[in-house]
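A short write-up of the structure that comes next.
The values are calculated or read from the model by the stated rules, or taken from the named source; none is laboratory data. Computed from a predicted structure; not experimentally measured. Here the Cβ is made from the backbone with ideal geometry for all residues, glycine too, and neighbour counts use every protein chain on show.
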2 protein chains.
Amino acid sequence: MLPAARHQTIVDTVQRERVVRVSDLAQQLGVSLMTVRRDIELLEEGGQVERIHGGAKLPGGATTHEPGFELKSTQFPAEKRAIAVEAAGMVHEGMAVGLSAGTTTWALAQELVKGPRITVVTNSVRIADLFHHGASSSGVPHGSTVILIGGERTPSDALVGPIATAALKQLHLDLLFLGVHGMDPDAGFTTPNLLEAETDRAFVAASRKLVVVADHTKWGTQGMSTIAALEEADEVISDAGLSADARRALGESVSRLRIASSS
Amino acid sequence: MLPAARHQTIVDTVQRERVVRVSDLAQQLGVSLMTVRRDIELLEEGGQVERIHGGAKLPGGATTHEPGFELKSTQFPAEKRAIAVEAAGMVHEGMAVGLSAGTTTWALAQELVKGPRITVVTNSVRIADLFHHGASSSGVPHGSTVILIGGERTPSDALVGPIATAALKQLHLDLLFLGVHGMDPDAGFTTPNLLEAETDRAFVAASRKLVVVADHTKWGTQGMSTIAALEEADEVISDAGLSADARRALGESVSRLRIASSS
DNA sequence: ATTCCATGCTCCCCGCCGCACGACACCAAA
DNA sequence: TTTGGTGTCGTGCGGCGGGGAGCATGGAAT
């Protein structure tokens, strides 16, 4: 195995596991402990991992948040935040707003907590938590009502399944912010999880207006399951990194394309 | 287990439970009390948790009004644990089990996590979290399926309301463990929260068998809203502190009264 | 054939962890 | 309030396991 391939494997493993021990890596890679240590030393200089006693972890204070999640949420913080701020501007007092599960919608939720009193409907436990005790920790109670849609839990902390879709059929939302894993002119808005796609479709059906929030990296990605065609979205909010191609295609398909500026 | 992984688990647990005790963490992580204390000390310097007597809590949380209050309120005394162990013995592989929200059912959930693979239906976010995260952090995934019933969130972390009751109407449970705030020969099983009582009634209706878990302090307490009459319970599990009066009254009303011994 | 370099090995050092004891905080009863 | 009891916290020491430096080996490039 080439050193470069080994390094890549180590980085991948660290990103996946958050923390790995030298001995495990050595066994997995079929090399000695010393080699792994030296690799980690190199990777640390490149800032790709952080060395700790007995192994390596992903760099930065990534350990401060929760499994697998913060990795994505810190990937493009500026862009996501900009999108969130832009999206939050669409929300007014008293509205019934839907938030699908995802890192972008989570960033949006962080903005909405600071905003006017609204009713939030979500299938993300994390987002519900944010409103629930995000409120109490900030001292002044946040008046917003949060309805958490039930169901079974996916690895990404979304609640999905027949319970969730049935609950959504009873509800009618003014506005839905949908986070997606991919958007593509052919496949439309997609997610890799079949059950989550079904729940997202129920979300879409329950809402009068669909706003997709997606940073530019989502363009061109096709998840396994389609949530909706591009044309079904009333608005798409993305960031300045979006390619000209994408802007053109989205501009033709959706009613309005907003580009959030990171300023 | 690596220190970093341990820290991560501690932070996750604190975020999930709001407060944890050193001894529980030590047991869960398989390390000594001293190690946990040292970890918490480090994490406190990083501002990720806040140290309190006997454990840790999430930082800056408005959960505390009086010093040292939190631990007491969330620890489960021997009685609750004994009840939980007794109740857990009724659960077998593959069953569909309902758990209402409450501290006693939460204690029960902690036992069930260690037990056979089952399907759990609950309206408590904390119980759902317990199964979800408890699994990943303990290394070996817990095979149980957890369905979280949706709705609006009460201060006690229960999800209630029409969404919740509608979801329960679709489900049929083998067994329901119901936690109550009070039980009384006249008022029956009660809770102070009207919405929660409604959801609990839906729980009762969805289940073939009703088991009420309640420590002896609940006897004689009348909450504002009645969930069910004493006669509706198939079993009641309480602890040795239950008065003779209570034992007689319950013995006449329910099919079976179990007293959990704290041994 | 020679040089270079990545790898593995070994010894020694150091940080981490657990145990035991004394000090202290919290709670409860008077 | 004071007093007693229980459980928690902090420190010192010893053991253990991982980290680091230097050297030997083997393969590849020159």
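Could you please let me know if A:T165 is hydroxyl-bearing (S, T, Y), touching an Asp or Glu at 6+ places or on another chain (Cβ under 7 Å), within 14 Å of chain B (Cβ to nearest Cβ) and in a helix (DSSP H, G or I)? Working first, answer last.
Working: hydroxyl-bearing (S, T, Y): yes; touching an Asp or Glu at 6+ places or on another chain (Cβ under 7 Å): yes; within 14 Å of chain B (Cβ to nearest Cβ): yes; in a helix (DSSP H, G or I): yes.
Answer is yes for this residue.
What's the total number of residues in region B:11-42 that are within 20 Å of the chain's Cα centre (by Cα) and within 14 Å of chain A (Cβ to nearest Cβ)? Let's see the steps before the verdict.
Within region B:11-42, the first condition is being within 20 Å of the chain's Cα centre (by Cα), and the residues that meet it are B:12-25, B:27-28.
Next cut, within 14 Å of chain A (Cβ to nearest Cβ) only: B:12-19.
Number of matching residues: 8.
Filter region A:182-196 for residues that are of a type outside the set (D, E) and either under 15 Å from B:I149 (Cβ atoms) or surrounded by 19 or more Cβ atoms within 10 Å (Cβ to Cβ) (or both) and give the result.
Looking only at region A:182-196, we keep the residues that are of a type outside the set (D, E), and these are A:182-183, A:185, A:187-195.
Once the filter is applied, which keeps residues that are of a type outside the set (D, E) and either under 15 Å from B:I149 (Cβ atoms) or surrounded by 19 or more Cβ atoms within 10 Å (Cβ to Cβ) (or both), region A:182-196 yields A:G182, A:M183, A:G188, A:F189, A:T190, A:T191, A:N193, A:L195.
Read through the list (1) under 19 Å from A:A107 (Cα atoms); (2) of a type in the set (A, V, I, L, M); (3) part of a helix (DSSP H, G or I), then give the number of the only condition that A:V236 fails.
(3) is the only condition that A:V236 fails.
Okay, residues lined up against (1) of a type in the set (S, T, N, Q); (2) at pLDDT 90 or above; (3) away from DNA strand C (no atom under 16 Å from the Cβ):
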site	(1), (2), (3)
B:V14	no, no, yes
B:R37	no, yes, no
B:E44	no, no, no
B:E50	no, no, no
B:P77	no, no, no
B:G89	no, yes, yes
B:S100	yes, yes, yes
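Could you list, in sequence order, all residues of region B:154-181 that are within 19 Å of A:A164 (Cβ to Cβ) and crowded, with 24+ Cβ neighbours inside 10 Å?
B:A158, B:L159, B:V160, B:I163, B:A164, B:A167, B:L168
Looking at region B:21-43, I want the residues that are assigned by TED's automatic domain parsing to the domain that holds B:L58 and among the small types (G, A, S) and have a partner that is surrounded by 14 or more Cβ atoms within 10 Å (Cβ to Cβ) and in a helix (DSSP H, G or I) with Cβ atoms under 7 Å, at least 6 apart or on another chain. Which pairs are those?
Cβ pairs passing all conditions: B:A26/B:V36; B:S32/B:A26.
For residues that are more than 10 Å from DNA strand D (Cβ to nearest atom) and surrounded by 14 or more Cβ atoms within 10 Å (Cβ to Cβ), scanning just region A:43-55, find the one that is farthest from A:R16 (Cα to Cα). Steps first, answer last, please.
Initially, region A:43-55 is screened for residues more than 10 Å from DNA strand D (Cβ to nearest atom), giving A:43, A:45-50.
Checking which are surrounded by 14 or more Cβ atoms within 10 Å (Cβ to Cβ) leaves us with A:43, A:48-50.
On the way: A:L43: 16, A:Q48: 13, A:V49: 12, A:E50: 14 Å.
Out of the qualifying residues, it is A:L43.
What's the number of the only condition in (1) out of contact with any Phe, Trp or Tyr (no Cβ under 7 Å at 6 or more places or on another chain); (2) at pLDDT 80 or above; (3) assigned by TED's automatic domain parsing to the domain that holds B:L178 that B:A56 fails to meet?
Only one criterion is unmet by B:A56, namely (3).
Within region A:21-35, track down each residue that is assigned to a helix (DSSP H, G or I), more than 8 Å from DNA strand C (Cβ to nearest atom) and closer than 16 Å to A:K57 by Cα.
Filtering region A:21-35 for residues assigned to a helix (DSSP H, G or I) gives A:22-29, A:33-35.
The next check asks that each one be more than 8 Å from DNA strand C (Cβ to nearest atom); those that pass are A:22-25, A:27-29.
Within region A:21-35, A:V22, A:S23, A:D24, A:L25 qualify.
Give the residues of region B:217-240 that are surrounded by 14 or more Cβ atoms within 10 Å (Cβ to Cβ), touching a helix residue (DSSP H, G or I) at 6+ places or on another chain (Cβ under 7 Å) and over 20 Å from B:G98 (Cα atoms), sorted by residue number.
B:W219, B:S225, B:D239
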